[in-house]
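Notes follow the structure.
The values are calculated or read from the model by the stated rules, or taken from the named source; none is laboratory data. All of these numbers come straight from a predicted model, not from anything done at the bench. Methodologically, a virtual Cβ is constructed for each residue, glycine included, from the backbone with ideal geometry; neighbour enumeration extends over all protein chains shown.
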Amino acid sequence: ACRLPGQACSPTKLWELLVHNKSGYGSVPKSRYNARGFYHPNSERPGSINSAAGYFIHEDINGFENSFFGINNLEASPLDPQQRKLLEVAFESIEDAGTTLETIRGSKTGVFVGNFTND
């Protein structure tokens with residue numbers, strides 16, 4: 001399971017992106033921030049960015065179903081979007097392996113995670 005730029009929200013989608021030689025580079029999603037409002041060509045200007053594009057994951061972070069994970073609204077509200085995506089992708093990785101949470105509960109099973117940057 002994965003969430004990567006270029007709409008690569010599964011290993012199959014990532015493979016399609018690579019096979020078709022496509023890039024995940026694109027404009028800043030409007031839901032993130034107003035890129036035009038912060039853009040300035042001089043990267044040393046305080047409070048500005050000098051790029052109006054990048055590699056973004058285009059998913060609605062508000063679509064997180066905390067009750068599915070046994071997390072109440074009070075506990076879910078301070079969760080970082082990266083933590084929310086981690087829970088979703090970890091669950092998907094278990095499904096993709098052809099097993100269920102019930103099957104692995106109590107077993108010596110782990111989900112290995114790779115993450116970088118701070119968004």
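When the residues of the stretch 48-66 are filtered to those that are touching a helix residue (DSSP H, G or I) at 6+ places or on another chain (Cβ under 7 Å), farther than 19 Å from F116 by Cα and not polar (S, T, N, Q), which remaining residue is modelled with the lowest pLDDT? Selected residue: A52. Checking the stretch 101-109 against the condition returns no match, with no residue being among the β-branched types (V, I, T) and under 23 Å from R32 (Cβ atoms).
In the set (1) over 16 Å from N115 (Cα atoms); (2) in the same structural domain as I104 (by TED's automatic domain parsing); (3) among the hydrophobic types (A, V, I, L, M, F, W, C), the condition left unmet by V89 is number (1).
Out of the residues in the stretch 67-82 that are modelled with pLDDT of 90 or more and either within 24 Å of P29 (Cα to Cα) or of a type in the set (V, I, T) (or both), state the one that is surrounded by the fewest Cβ atoms within 10 Å (Cβ to Cβ). Per the criteria, the residue is P78. Checked against the criterion of being part of a loop (DSSP other than H, G, I, E, B) and among the β-branched types (V, I, T), the candidates T109, T103 yield just one match: T109.
The residues of the stretch 16-61 that are part of a strand (DSSP E or B) and either closer than 24 Å to V89 by Cβ or among the small types (G, A, S) (or both), listed by number, are Y25, G26, S27, A53, G54, Y55.
Restricting the first member to the stretch 16-36 and to residues that are among the polar types (S, T, N, Q), and the second to residues that are part of a loop (DSSP other than H, G, I, E, B), the beta-carbon pairs closer than 8 Å and six or more apart or on different chains are S23/G6; S27/A52; S31/D60. Scanning the stretch 101-119 for residues that are under 19 Å from P11 (Cα atoms), loosely packed, with under 12 Cβ neighbours inside 10 Å and not small (G, A, S) yields a total of 4. Residue count for the stretch 16-48, restricted to those that are surrounded by 10 or more Cβ atoms within 10 Å (Cβ to Cβ) and under 23 Å from K85 (Cβ atoms): 14.
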